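Q: This is the structure I want to talk about, given as structure tokens.
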Amino acid sequence: MDVDTRLVRSFLAVAEEGNLTRAAERLYVSQPALTKQIRSLETQLGVRLFTRSRAGMALTEAGQALRERAPGLLAACDQVLRETKSAARVAARVLRVGFLASAANEATQDIVAAFGRLRPGWRVEMLQAAWSDPSAGLADGEVDAALLRLPFPGQEALRHEVLLEEPRWVALPSSHPLAARAEIAFADLWDEPFVAAPQETGEWRDYWLAAGERDGRPPRVGATTDQPDAWLQAIANGYGVALAPASSARYYARPGVTYRPVTGVSPTRVGIAWPPAADTDPVVQDFVRCCREACASM
């Protein structure tokens, strides 16, 4: 019998959370999609894994047995895949680095150049992730390291260092009355509709809505996007405003979109992240060192 390890990971998330909604947020998937995955796994195994009730998802005896074995099974699979990908990477001399939006801003080119000097013959392959994957490919093992925005869901399971910090500004339609101001208080944006990341990104979405900095007022969502182009278009079309790093004014300038500084909201941080298994990987650690030194000199 062939069982997709993705289904086992989904099962384990539900088993640990005891709740479909929380597990779906943790996995960055919709609740109906997660329900379908659990049913698919139960069908493949020919057993019931959960007893569903209003109180949540309780494990059956079969489910408990799988829960006890699943972490070891997944760890073994992950180790085999890491070793396989690492061997391929070393053979090709390619370091895969995930990133979101503008990566480490102007320092990105300096980081890549410094790594090239430190590791002659190696190439950095930069892989841009959608906002629906705030770990930029690290959570799925698709990249060796990632330049991303902190905080992000699942960061407690990864190594990470803060490289730089910058204010959060607001992007809004150029025709918006507030666009005429030189600076905008965040409280003046509380009742505005916002362009948000997908709901399944959970705390990542909440962070960019500044949900915890609204004095208890829930944010209004006017549109949902997971790519910069769609995000800019939604703002230009007047569907909402959005918090963004100050550097977005340089990297994502667009007719119809105006960026303004915002007071009363915390700054954003750019970090370098890598899996714990890469603590002893000299190539990944050389890249981390280049990140650290390039950003320290800014």
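Q: I'd like to verify a number: residues in the range 24-57 that are touching a Ser or Thr at 6+ places or on another chain (Cβ under 9 Å), under 14 Å from ARG67 (Cβ atoms) and touching a residue at least 24 places away in the same chain (Cβ under 8 Å), how many?
A: 5
Q: Continuing with this model, one more query. Give the range 221-241 a look and list any residue that's touching a residue at least 40 places away in the same chain (Cβ under 8 Å), buried (at least 18 other Cβ atoms within 10 Å of the Cβ) and over 20 Å from PHE99 (Cα atoms), or say none.
A: Scanning the range 221-241 gives ILE235, ALA236, TYR239, GLY240, VAL241.
Q: Looking at this structure, is THR258 in contact with a Phe, Trp or Tyr (Cβ under 8 Å, 6 or more places away or on another chain) and of a type in the set (Ser, Thr, Tyr)? Walk me through it before giving the result.
A: Working: in contact with a Phe, Trp or Tyr (Cβ under 8 Å, 6 or more places away or on another chain): no; of a type in the set (Ser, Thr, Tyr): yes.
Here the answer is no, as THR258 does not meet what is asked.
Q: Can you report the number of residues in the range 2-56 which are touching a helix residue (DSSP H, G or I) at 6+ places or on another chain (Cβ under 7 Å) and either aliphatic (A, V, I, L, M) or on the phi > 0 side of the Ramachandran plot (or both)? Steps first, please.
A: Filtering the range 2-56 for residues touching a helix residue (DSSP H, G or I) at 6+ places or on another chain (Cβ under 7 Å) gives 3, 5, 7-15, 17, 20-21, 23-31, 34-35, 37-38, 40-41, 47-50.
Subset that is either aliphatic (A, V, I, L, M) or on the phi > 0 side of the Ramachandran plot (or both): 3, 7-8, 12-15, 20, 23-24, 27-29, 34, 38, 41, 47, 49.
Number satisfying all stated conditions: 18.
Q: Return the only residue of VAL257, VAL270, VAL221, VAL265 being within 30 Å of ALA114 (Cα to Cα) and not small (Gly, Ala, Ser).
A: Working: VAL257 fails: within 30 Å of ALA114 (Cα to Cα); VAL221 fails: within 30 Å of ALA114 (Cα to Cα); VAL265 fails: within 30 Å of ALA114 (Cα to Cα).
It is VAL270.
Q: Of all residues in the range 272-293, how many are among the small types (Gly, Ala, Ser) and either open to solvent by 50 Å² or more (accessible area, probe 1.4 Å) or modelled with pLDDT of 95 or more (or both)? I'd like the intermediate steps shown before the answer.
A: Going through the range 272-293, the residues among the small types (Gly, Ala, Ser) turn out to be 273, 277-278.
If we keep only those that are either open to solvent by 50 Å² or more (accessible area, probe 1.4 Å) or modelled with pLDDT of 95 or more (or both) too, we end up with 273, 277.
Count: 2.
Q: Sort through ALA157, ALA180, ALA171 and tell me the only one that's within 16 Å of LEU243 (Cβ to Cβ) and among the small types (Gly, Ala, Ser). If you could, list the steps in order and put the result at the bottom.
A: Values: ALA157 fails: within 16 Å of LEU243 (Cβ to Cβ); ALA180 fails: within 16 Å of LEU243 (Cβ to Cβ).
Of the residues listed, the single one that is within 16 Å of LEU243 (Cβ to Cβ) and among the small types (Gly, Ala, Ser) is ALA171.
Q: OK, next. Please verify whether VAL14 is closer than 21 Å to PHE152 by Cα and touching a Phe, Trp or Tyr at 6+ places or on another chain (Cβ under 8 Å), treating the condition exactly as stated.
A: Numbers: closer than 21 Å to PHE152 by Cα: yes; touching a Phe, Trp or Tyr at 6+ places or on another chain (Cβ under 8 Å): yes.
So VAL14 passes the test.
Q: What number of residues within the range 9-68 are among the aromatic types (Phe, Trp, Tyr) and open to solvent by 30 Å² or more (accessible area, probe 1.4 Å)? Reasoning before the result, please.
A: Step one: filter the range 9-68 for residues among the aromatic types (Phe, Trp, Tyr), giving 11, 28, 50.
Keeping just the survivors that are open to solvent by 30 Å² or more (accessible area, probe 1.4 Å) gives 28.
So the answer is 1.
Q: While we're on this one: Scanning the range 113-137 for residues that are touching a residue at least 60 places away in the same chain (Cβ under 8 Å) and over 9 Å from the mean Cα position of the chain (by Cα), which turns out nearest to THR5 (Cα to Cα)?
A: The qualifying residue nearest to THR5 (Cα to Cα) is VAL124.
Q: Got at least one residue in the range 132-141 being over 19 Å from LEU158 (Cα atoms) and out of contact with any Gly (no Cβ under 7 Å at 6 or more places or on another chain)? Explain how you work it out, then say what you get.
A: The first filter runs over the range 132-141 and keeps only residues over 19 Å from LEU158 (Cα atoms), leaving none.
No.
Q: I need the full set of residues from the range 101-153 which are of a type in the set (A, V, I, L, M, F, W, C), in a strand (DSSP E or B) and open to solvent by 30 Å² or more (accessible area, probe 1.4 Å), in order please.
A: Pass one, the range 101-153, residues of a type in the set (A, V, I, L, M, F, W, C): 101, 103-104, 107, 111-115, 118, 122, 124, 126-127, 129-131, 136, 138-139, 143, 145-148, 150, 152.
If we keep only those that are in a strand (DSSP E or B) too, we end up with 124, 126-127, 145-148, 150.
Result: MET126, LEU127.
Q: Checking the structure you have, find out if any residue of the range 267-289 is closer than 21 Å to PRO193 by Cβ, out of contact with any Asp or Glu (no Cβ under 6 Å at 6 or more places or on another chain) and of a type in the set (Phe, Trp, Tyr).
A: No, the conditions are met nowhere in the range 267-289.
The values are calculated or read from the model by the stated rules, or taken from the named source; none is laboratory data. Keep in mind that this is a model prediction, so the values were computed, not measured. Note that we place each Cβ from the backbone using ideal geometry, even for glycine, and neighbour counts take in every protein chain shown. Note: accessible area is taken over every heavy atom of the protein model, side chains too, but ligands, DNA and RNA are not part of it. Shrake-Rupley method; radii C 1.70, N 1.55, O 1.52, S 1.80 Å.
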